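K.L.:
Let me give you the structure first, and then I'll get to my questions.
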Amino acid sequence: MSEANAITVDVVSDVVCPWCFIGQKRLDKAVAAVAAVGDVDVHIRWRPFQLDPTIQPQGKDRREYMLAKFGSEERIREIHARIEPLGEAEGISFAFDAIKVAPNTLDAHRLIRWAGAAGEAVQNRLVRRLFQLNFEQGVNIGDHAVLVEAAREAGMDASVAATLLPTDADVEAVRTEIATAARMGISGVPCFLIEGKYAVMGAQDADTLADAIRQVAAAKARGELDKVG
């Protein structure tokens with residue numbers, strides 16, 4: 001497939017954002033829809049964002065954290081009740097009550113960065129696994145042992161992850177990427193940045209994402225990408 005038909009989608013997201021999990025599922029559908037009717041080769045790269053970088057490295061009690069953020073159990077239940085059916089429609093079994101720890105996701109993003117160096121497929125598997133662990137199993141994805149096992153399951157060298165996680169390797173690189181996203185005006189996630197030119201904000205439906213990818217691909221093929229957006 002020619003380079004002209006290759007489209008890169010940078011997904012700015014946080015693995016503790018339920019809308020990002022929904023967005024990941026919808027992006028999968030969009031990529032499949034584009035592939036089914038054309039010759040566009042879509043490449044996905046995952047970029048870091050932290051909903052709350054102030055959470056301490058060991059995480060916080062999620063119930064207390066959510067109460068402090070939203071004010072009441074009733075409000076929390078309303079939020080979960082709105083998200084759960086949307087997740088179910090995408091094949092996600094949200095288990096919010098099982099999540100006991102609100103983690104700091106900096107280390108998860110470092111791991112995702114390293115997975116990218118191992119290949120697109122490895123990074124995609126890792127991101128999906130982290131979403132599943134957090135939202136469907138209630139596992140603390142701030143725990144290094146959990147991250148090392150997720151790395152192994154994704155096809156990474158788990159021993160390298162185990163060695164690097166306790167260090168400051170790529171901490172500043174990840175923070176710099178997050179700061180860059182903020183300077184670009186990205187204040188919420190997910191954000192799908194297509195070919196670095198066209199941003200689709202929020203967990204848009206699969207058809208909207210597919211249409212955006214097709215439009216950018218067509219503009220690229222005509223040599224008109226700078227006019228997009």
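The values are calculated or read from the model by the stated rules, or taken from the named source; none is laboratory data. What you see is a predicted model, and the numbers here were worked out from it, not measured in a lab. Counting neighbours? That spans all protein chains shown, and the Cβs are built from the backbone with ideal geometry, glycine included. Keep in mind that these areas ignore ligands, DNA and RNA; they rest on the heavy atoms of the full protein, side chains included. Shrake-Rupley method; radii C 1.70, N 1.55, O 1.52, S 1.80 Å.
K.L.:
Hey, any hits in region 64-79 for a residue that's in contact (Cβ under 8 Å) with a residue 24 or more places away in the chain and either open to solvent by 30 Å² or more (accessible area, probe 1.4 Å) or in contact with a helix residue (DSSP H, G or I) (Cβ under 8 Å, 6 or more places away or on another chain) (or both)?
P.N.:
Yes, that holds for at least one residue.
K.L.:
Any residue in region 86-106 that is within 20 Å of residue 25 (Cα to Cα) sitting within a Cβ distance under 6 Å of a residue that is at pLDDT 95 or above and open to solvent by 40 Å² or more (accessible area, probe 1.4 Å)? List the pairs, counting only those 6 or more apart or interchain.
P.N.:
Partner pairs satisfying both residue conditions: 90/25; 93/136; 94/84; 95/136.
K.L.:
Quick check on region 172-182. Is at least one of its residues polar (S, T, N, Q) and over 28 Å from residue 84 (Cα atoms)?
P.N.:
Yes: region 172-182 contains one or more residues that are polar (S, T, N, Q) and over 28 Å from residue 84 (Cα atoms).
K.L.:
Another question, then. Among (1) under 19 Å from residue 47 (Cα atoms); (2) of a type in the set (Val, Ile, Thr); (3) at pLDDT 95 or above, there is one condition residue 186 misses while meeting the rest; what is its number?
P.N.:
(3)
Every residue, every condition in (1) within 11 Å of the chain's Cα centre (by Cα); (2) open to solvent by 30 Å² or more (accessible area, probe 1.4 Å); (3) closer than 20 Å to residue 86 by Cα, yes or no:
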{"position": "8", "(1), (2), (3)": "no, yes, no"}
{"position": "13", "(1), (2), (3)": "yes, no, yes"}
{"position": "20", "(1), (2), (3)": "yes, no, yes"}
{"position": "35", "(1), (2), (3)": "no, yes, no"}
{"position": "47", "(1), (2), (3)": "yes, yes, no"}
{"position": "50", "(1), (2), (3)": "yes, no, no"}
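K.L.:
Among the residues of region 183-228, how many are open to solvent by 60 Å² or more (accessible area, probe 1.4 Å) and either farther than 15 Å from residue 9 by Cα or of a type in the set (Asp, Glu) (or both)?
P.N.:
12
K.L.:
Right, next: Look at residue 147 and say whether it is under 19 Å from residue 59 (Cα atoms), buried (at least 23 other Cβ atoms within 10 Å of the Cβ) and not hydroxyl-bearing (Ser, Thr, Tyr).
P.N.:
Answer is yes for this residue.
K.L.:
If we only count helices (runs of 4 or more DSSP H) wholly inside region 144-229, which ones have 3 or more residues that are touching a residue at least 40 places away in the same chain (Cβ under 8 Å) and under 30 Å from residue 5 (Cα atoms)?
P.N.:
Output list reads 171-183, 206-221.
K.L.:
Of the residues 190, 166, which is closer than 21 Å to residue 59 by Cβ and of a type outside the set (A, V, I, L, M)?
P.N.:
Every option except 166 fails the conditions.
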